[in-house]
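What follows is a set of notes on a single structure, which appears directly below.
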Amino acid sequence: MAKKLLFLDDIRYPIEAYYYTKQDIFLEKDWDIVRNYEQFINRIMEKGLPEMISFDHDLADIHYLEQNSLDFTEKTGYDCAKWLIEYCMDNGLDLPEFYSHSMNPVGKENILNLLENFKKANKKS
């Protein structure tokens, strides 16, 4: 049975992420693709947690155009990661596997640090 995989990215497809990450997981065919915060939440609410999620950070053109502005109205992959943590806490669930294929190095690091810190803090002994 194929893994349940979720790919969050506003424009790219998993095969494109493979070209610059060289991560074989992106060669899998059965990715569910979501393009924004709302689709991310709806997909998880409808189908439950996937086994793995790959995050992009910048999910709207404004994230690329106005690098100095912190007043984004569009949610980012970081917002999706924060929601995922709340969802897991509220439902007593472990985080799924995660990766960030974002080309924004700061955004990628922020997402991974947030998820890793939550995972460490909630490790069952």
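The values are calculated or read from the model by the stated rules, or taken from the named source; none is laboratory data. Predicted model only: the values in this text are computed from it and were never measured. Positions of Cβ are generated from backbone atoms using ideal geometry, with glycine treated the same way; all protein chains shown enter the neighbour counts. Heads up: the accessible areas ignore ligands, DNA and RNA and are worked out on the full protein's heavy atoms, side chains in. Shrake-Rupley method; radii C 1.70, N 1.55, O 1.52, S 1.80 Å.
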Which one is farthest from the chain's Cα centre (by Cα), of the residues in the range 73-87 that are of a type in the set (S, T, Y) and open to solvent by 50 Å² or more (accessible area, probe 1.4 Å)? T73
Can you tell me how many residues within the range 106-125 are open to solvent by 100 Å² or more (accessible area, probe 1.4 Å) and part of a loop (DSSP other than H, G, I, E, B)? 3
Tell me, please, whether a residue that is surrounded by 18 or more Cβ atoms within 10 Å (Cβ to Cβ), at pLDDT 95 or above and part of a helix (DSSP H, G or I) can be found in the range 47-61. no
Please enumerate the residues belonging to the range 30-46 that are closer than 19 Å to G107 by Cα and assigned to a strand (DSSP E or B). V34
Selected residue (criterion: surrounded by the most Cβ atoms within 10 Å (Cβ to Cβ)) from residues of the range 8-29 that are under 16 Å from the mean Cα position of the chain (by Cα) and not in a helix (DSSP H, G or I): L8
Looking at the range 30-42, which of its residues are surrounded by 14 or more Cβ atoms within 10 Å (Cβ to Cβ), closer than 17 Å to H57 by Cβ and of a type outside the set (A, V, I, L, M)? R35, N36, Y37, Q39, F40
Search the range 12-29 for residues that are among the hydroxyl-bearing types (S, T, Y) and pair each with any residue that is in a helix (DSSP H, G or I) when their beta-carbon atoms are under 7 Å apart and the residues are at least 6 apart or on different chains. Y18/F26; Y18/L27
With the requirement that a residue be open to solvent by less than 80 Å² (accessible area, probe 1.4 Å) and in a helix (DSSP H, G or I), what does the range 88-105 give you? C88
